[in-house]
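J.: Have a look at the structure that comes next, please.
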Amino acid sequence: MSYFAKKNVFTALCVILTALWSGAWAQTLSYYLPSHLTYDASVPTPKQVLGHEVGEWHANSFQIVTYMKELARSSKRIQLKTYGQSYESRELLTLIITSEANQARLEDIRKMHLKLSDPTEASNVSISDMPVVVWLGYSVHGNEPSGANAALLTAYYLAAAQGVEIDNLLKNTVIILDPCINPDGTNRFATWVNAHKSQTPVSHPMAREFHEPFPKGRFNHYWFDLNRDWLPLQLSESQGRVARFHEWKPNVLTDHHEMGSDKTFFFQPGVPERDNPLTPPQNRELALKLARKHADFLNKIGSLYYTEEDFDDFFYGKGSTYPDINACVGILFEQASSRGHAQSTVHGLLEFPFTIKNQFIVSLSTLAASLEMREELLNYQKNFYTQAQNTGALSTEKAYIFGSSTDSAKNYHFIEVLKRHQIKVYKTNNDFKINDLNFKKHHSYVVPLAQAQYRTIQAIFKSESSFKDSLFYDISAWTFPMAFDIPYASLGGKSLPAGLMGEELIELNMPKGHLYSNNNKQAYSYVFEWNGYYAPRLLNELLQEELIVKVCHKKFKAETSLGTREFGHGSILVPLQNQNMSPLQIKELLTRLVQSNAVSVFELSDGLTPEGADLGSTSHDVLRPTKVLLVVGEGVAASEAGEIWHLLDTRYKMPVTMLEMNKLGSIDLSEFQVLVMADGNYGGINNAGEEAIKKWLKDGNTLIAMQGALKWVKNKEIANFHSRDLSSKDTLPRPYEARNRDRGAQEVGGSIFKVQIDLTHPLCYGYQTPQLHVFRNTSSYMSWSENPYATPIRYGTNPLVAGYLSERHKKAVENTAGALIKSSGRGRVVLLADNPNFRAFWYGTNKIFMNAVFFGHLMQE
């Protein structure tokens with residue numbers, strides 16, 4: 001039975017009801033589609049499936065997926081393949097679109113195309129009849145809906161259009177269409193704007209329809225910006241998408257976005273001075289040729305546009321920039337947003353269908369240009385990886401060596417990122433020392449530069465602090481070993497040290513922990529060090545079992561089955577006396593838990609230690625089960641709050657209660673031991689909420705305030721500290737046209753700094769060296785505390801190690817506090833100048849945050 005015969009009464013009613021709501025700005029397919037072509041009537045139109053015209057309502061992700069599946073069922077030009085699920089279990093998929101003849105040999109085409117990326121195969125591959133591969137990606141930001149709605153049109157056009165023109169395109173092109181990159185955000189936004197659509201058109205910019213509430217639809221389920229995760233790959237949506245990207249390695253990739261309503265339409269290339277130097281110059285040349293075609297197509301419909309301004313191609317975590325180090329030309333499209341169905345702007349009335357039409361038109365221009373440039377694009381890819389490998393082979397740097405001997409979990413997660421980018425990683429055959437760094441066999445790895453992914457390797461490992469331009473659309477530094485707090489070094493010379501590099505690491509498995517029994521002696525206590533990444537998760541699991549668990553504030557040595565071992569500050573002690581479980585039950589519990597937490601637990605048989613604090617020492621504090629309250633709502637930086645939610649929920653398995661700031665005075669805060677305020681403006685906390693926090697603090701709890709939240713804490717006299725003022729501004733005359741550039745140069749967009757940490761302070765437990773790399777993207781500075789023990793994290797002189805920073809800020813950041821500890825009654829306030837959970841890939845400072853969560857109430861000012 002055909003699709004149309006299957007349509008039920010419910011669908012028919014939806015069509016009738018939708019017709020009653022048909023807005024003044026609804027457009028039929030003829031408004032969008034090229035009129036000189038005919039269309040196969042057996043292919044369902046969007047309206048036949050959705051019940052409304054494209055642009056009449058905002059399609060949600062379920063509707064988009066439903067339509068794509070129907071197209072795949074009705075057209076032999078399309079294969080539909082899923083690549084994962086969103087966090088809200090919504091399907092992530094791509095349509096593989098090409099001619100019916102190509103579909104019959106699609107796998108052969110894919111494998112032959114991939115040979116272009118293999119330096120050992122590329123020179124022997126003929127491209128004379130090879131299809132070009134084009135990836136069309138829509139709406140990574142859920143509240144930028146013109147892209148995802150244009151995907152409906154693009155997919156229909158490619159499935160239904162008839163004639164020589166479309167036949168030639170499909171014969172010579174394989175199109176990978178990702179219709180809805182961020183389904184969770186798309187659903188959140190579509191629900192809001194559709195719920196506020198009026199039968200009588202409303203276009204006032206301040207109308208409720210155009211102002212979605214916190215956290216807005218831009219983000220995914222955990223409030224992450226998916227368009228910053230192409231390189232970090234910390235989110236499930238990104239991991240599946242990049243895996244699909246490398247299954248095909250497209251030649252051109254489009255990334256469809258929206259921008260402010262009063263703007264027009266942007267397409268790349270961006271600002272020339274802001275191209276990442278790892279991107280070959282030919283990439284821009286190809287982008288300029290594509291741009292000519294976009295301009296031609298937009299000229300025909302009279303759309304305003306611009307290029308080579310505002311946006312850049314520097315950070316490889318973005319969807320339009322990541323392709324540039326993978327032999328692909330990434331193209332960013334930015335359409336002025338209607339933010340709803342129609343909005344008044346400086347250019348007149350901006351209607352949702354018009355924004356969709358522009359995105360559809362540049363989808364067609366991309367395909368037309370890619371077809372014309374087919375051989376040029378394929379040759380570029382054919383040479384790209386061979387040249388990259390040769391550059392790596394000729395470099396004075398031969399490889400990077402890295403590895404932590406005390407945290408196998410971080411090693412694992414870093415290698416996981418490398419392998420997802422198809423970077424080859426090798427084991428080491430022996431111990432190795434360089435630059436006072438000791439790399440241990442079985443705990444260290446080598447990444448040679450003479451491989452196809454040379455440019456991606458450099459993008460991940462290299463650090464820069466010298467730039468052509470002082471403006472950045474996003475962050476200016478992201479060196480991954482620094483982010484992970486993993487020792488690493490560059491290996492130079494004519495060749496690698498003999499015998500250092502072992503076999504390639506093919507299979508990567510999450511390391512398992514181990515419980516070391518003490519040679520059949522009677523158990524007295526268990527202990528584990530705090531340096532493992534998942535030690536906080538193990539601690540939380542023990543506390544949830546209502547066991548008595550202690551943190552050790554002093555070092556000690558103890559006899560173990562592996563000999564005498566030293567246990568450092570922050571080690572966790574599980575005594576066997578006075579517990580609610582028997583010793584055997586505790587051992588069985590620990591044996592099970594250590595497996596998934598990659599932590600080594602040692603069984604001790606003697607409370608008297610050969611050196612340092614004894615196990616019954618008063619220097620060991622009993623820890624309490626911890627419940628976390630995260631303040632959210634309008635004014636809070638959603639992405640920073642989302643990072644905290646994601647960290648605690650997905651990595652440490654700790655439930656997080658999120659509460660709107662205006663509700664703080666309405667609940668019993670005594671249920672919680674920790675209250676977290678991420679970056680943001682907390683003016684929405686009323687007097688009752690303020691008083692509730694102050695009373696709750698005095699009862700012995702912990703407030704963690706970060707970045708912008710510091711201002712509220714200081715203004716409300718919850719914690720007093722001195723702020724560092726910036727040096728005076730330059731008042732010398734400057735050209736008027738330089739004002740925006742001068743202001744932008746003073747932004748702290750995101751750089752890496754080296755700070756000094758106090759290893760004996762509870763906030764810094766678990767770290768091995770007194771230096772730590774932190775990420776900073778804020779321009780507020782705290783002075784050191786007058787109390788010499790209350791500034792556990794300090795910026796010194798010249799702390800910048802990677803990224804851009806203006807001279808004014810270089811002076812301002814010197815000798816400031818990265819963290820301060822303040823008392824409030826029996827409670828503690830932990831003030832963090834920086835974000836320790838940045839974009840989920842700054843693993844190296846997650847421990848600072850978790851120390852504040854578990855040990856904050858024990859910290860003395």
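J.: Explain nothing, just compute: Karplus ³J(HN,Hα) = 6.51 cos²θ - 1.76 cosθ + 1.60, θ = phi - 60°, for every residue of the stretch 479-487 in order, whole Hz, x for Gly and Pro.
T.: Computed from phi, the couplings for the stretch 479-487 are 3, 5, x, 5, 4, 7, 6, 10, x Hz.
J.: Excluding V132 itself, what net charge comes from residues whose Cβ is under 14 Å from its Cβ, given Lys and Arg +1 and Asp and Glu -1? Show your work: numbers first, answer last.
T.: Details: positive: R110, K171, K249, K289, K293, R374, K382; negative: D129, E372, E375, E376.
Counting the neighbours of V132, the net charge comes to +3.
J.: Okay, next question. When the dipole is taken about the Cα centre of the stretch 621-733, and only Lys, Arg (+1) and Asp, Glu (-1) are charged at their Cβ, what size is it in debye, to the nearest 20?
T.: Numbers: 13 positive and 15 negative charges, 43 e Å.
With only Lys, Arg, Asp and Glu charged at Cβ, the dipole is about 200 debye.
J.: Here is a further query. If R₀ is 30 angstrom, what is the calculated FRET efficiency for the pair T264 and T396, using the beta carbon separation as r and rounding to 0.05?
T.: On the way: r = 46 Å, r/R0 = 1.54.
FRET efficiency, T264 to T396: 0.05.
J.: Place a +1 charge on the Cβ of each Lys and Arg in the chain and a -1 charge on the Cβ of each Asp and Glu, then give the dipole magnitude about the Cα centre in debye, rounded to the nearest 20.
T.: Values: 86 positive and 88 negative charges, 114 e Å.
Result for the chain is approximately 540 debye, rounded to the nearest 20.
J.: When only Cα pairs under 8 Å and 6 or more residues apart are kept, what is the percent relative contact order across the chain?
T.: On the way: 1857 pairs, mean separation 85.7, N = 861.
The value is 10 percent.
J.: Report, to the nearest 10°, how far helix 535-544 tilts away from the longest principal axis of the Cα atoms in the chain, using its own Cα long axis and a range of 0 to 90°.
T.: It is inclined by approximately 80 degrees.
J.: Efficiency by 1/(1 + (r/R0)^6): what FRET value for T564 and H204, r their Cβ-Cβ distance, R0 = 60 Å, to the nearest 0.05?
T.: Values: r = 75 Å, r/R0 = 1.25.
Efficiency at R0 = 60 Å is approximately 0.20.
J.: Under a crude label model (7 Å from the Cα following the beta-carbon direction), how far is K694 from D614 in nanometres?
T.: The modelled label-to-label distance comes out at 4.6 nm.
J.: Distance in nm between label sites at K716 and Y306, each 7 Å beyond Cα in the beta-carbon direction?
T.: 4.1
J.: Separate question: About its Cα centre, what dipole magnitude does the stretch 71-227 give when the only charges are +1 on Lys and Arg Cβ and -1 on Asp and Glu Cβ, stated in debye to the nearest 20?
T.: On the way: 15 positive and 16 negative charges, 63 e Å.
Using only the charged Cβ atoms, the result is roughly 300 debye.
J.: Here is a further query. If Lys and Arg each add +1 and Asp and Glu each add -1, what is the summed charge of the other residues whose beta carbon sits under 15 Å from the beta carbon of V447?
T.: On the way: positive: K398, K419, R420, K424, K427, R455, K462; negative: E397, E416, E503, E504.
Computed value for this residue: +3.
J.: Would you please give the residues with an amide H less than 5 Å from that of H257, counting only those at least 5 places away or on a separate chain, with H modeled from the backbone geometry?
T.: Here the answer is F333, E334, Q335, since their amide H atoms fall under 5 Å of that of H257.
J.: Here are labelled values, (1) 1.01; (2) 1.31; (3) 1.12, and one is the computed Cα Rg over 2.2 N^0.38 Å for what I pasted. Which one?
T.: Computing Cα Rg over 2.2 N^0.38 Å and matching it to (1) 1.01; (2) 1.31; (3) 1.12 gives (1).
J.: Put a dot 7 Å past each Cα toward the Cβ at S42 and Q387; how far apart are the dots in nm?
T.: Placing both labels 7 Å beyond Cα along the Cβ direction yields 4.6 nm.
J.: If you don't mind, there's one more thing I want to ask. Near the amide H of W784, under 5 Å away, which other amide H atoms are found, from residues 5 or more places off or on another chain, if H is placed in the peptide plane?
T.: Amide H to amide H, under 5 Å and 5 or more residues apart or across chains, W784 pairs with A817.
J.: While we're on this one: Gain in length, E372 to D668, computed as 0.36 nm per residue apart minus the alpha-carbon separation, to one decimal in nm? Before the final figure, lay out the partial values.
T.: Details: separation 296, 0.36 × 296 = 106.56 nm, distance 6.63 nm.
Taking 0.36 nm per residue and subtracting the Cα distance, the gain is 99.9 nm.
J.: Of the trypsin sites (Lys or Arg not before Pro) in the stretch 455-514, which ones lie in a loop per DSSP and count no more than 14 other C-beta atoms within 10 Å?
T.: Those satisfying the criteria are K468, K494, K512.
J.: Scan the stretch 738-833 for chymotrypsin sites (Phe, Trp or Tyr not before Pro) in coil per DSSP, keeping those whose Cβ has at most 13 other Cβ atoms within 10 Å, and list them by number. Present the calculation step by step, with values, prior to reporting the outcome.
T.: Values: sites: F753, Y765, Y767, F775, Y781, W784, Y789, Y795, Y804; in loops: Y765, Y767, Y781, W784, Y789, Y804.
Here the chymotrypsin sites (Phe, Trp or Tyr not before Pro) that fit, given the DSSP loop and packing criteria, are Y789.
J.: Taking 4 °C and 1.567 mPa s as the conditions, I'd like the Stokes-Einstein D for the stretch 265-381 in µm²/s, using the Kirkwood hydrodynamic radius from alpha carbon pairs.
T.: On the way: Rh = 15.0 Å.
In µm²/s, the coefficient rounds to 86.
J.: Residue farthest toward the positive end of the dipole of the chain, with Cβ of Lys/Arg at +1 and Asp/Glu at -1: which of A72, T279, F602?
T.: Farthest towards the positive end: F602.
J.: What chymotrypsin sites (Phe, Trp or Tyr not before Pro) in the stretch 98-181 are in a loop by DSSP, with at most 12 other Cβ atoms within 10 Å of the Cβ? Each step should come with its number before you reach the end.
T.: Details: sites: W135, Y138, Y156, Y157; in loops: none.
Of the chymotrypsin sites (Phe, Trp or Tyr not before Pro), not one in the loops of the stretch 98-181 has a Cβ with at most 12 other Cβ atoms within 10 Å.
J.: What is the sum of charges around T82, taking Lys and Arg as +1, Asp and Glu as -1, for the other residues whose C-beta is under 13 Å from the C-beta of T82? Display every interim value, and only then the final one.
T.: Numbers: positive: K69, K81, R90, R241, R244; negative: E91, D178, E237, E247.
In short, +1.
J.: Right, next: Once the Cα atoms of helix 408-420 and of the chain are each reduced to a long axis, what angle between those two axes, in degrees from 0 to 90 to the nearest 10, is obtained?
T.: 10
J.: To continue, here is another question. Say R0 is 41 Å: what FRET efficiency, to the nearest 0.05, do Q522 and L858 get from their beta-carbon distance? Show your work: numbers first, answer last.
T.: On the way: r = 31 Å, r/R0 = 0.75.
So, using R0 = 41 Å, E works out to roughly 0.85.
J.: May I ask for the angle, rounded to the nearest 10°, between helix 846-855 and the longest principal axis of the chain, with both axes built from Cα atoms and the value confined to 0 to 90°?
T.: Long axis of 846-855 versus the principal axis of the chain: about 50 degrees.
J.: Any of K69/K115; K81/K419; K111/K382; K76/K171 with alpha carbons more than 25 Å apart? Name them for me.
T.: Details: K69/K115 30 Å; K81/K419 22 Å; K111/K382 14 Å; K76/K171 13 Å.
Flagged as over cut-off: K69/K115.
J.: Starting from the Cα-Cα distance between N194 and T591, subtract it from 0.36 nm times their residue separation and give me the gain in nm to one decimal. Display every interim value, and only then the final one.
T.: Details: separation 397, 0.36 × 397 = 142.92 nm, distance 5.24 nm.
Extra length from N194 to T591 when fully extended: 137.7 nm.
J.: Name the residue farthest towards the positive end of the dipole of the chain from the options Q63, Y316, Y533, assuming +1 on Cβ of Lys and Arg, -1 on Cβ of Asp and Glu, about the Cα centre.
T.: Of the listed residues, the answer is Y533.
No lab work stands behind these numbers, since they all come straight from the coordinates. Everything quoted here is computed from the prediction, not taken from an experiment. Reconstructed Cβ throughout: ideal geometry from the backbone, glycine too, with neighbour counts over all protein chains shown.
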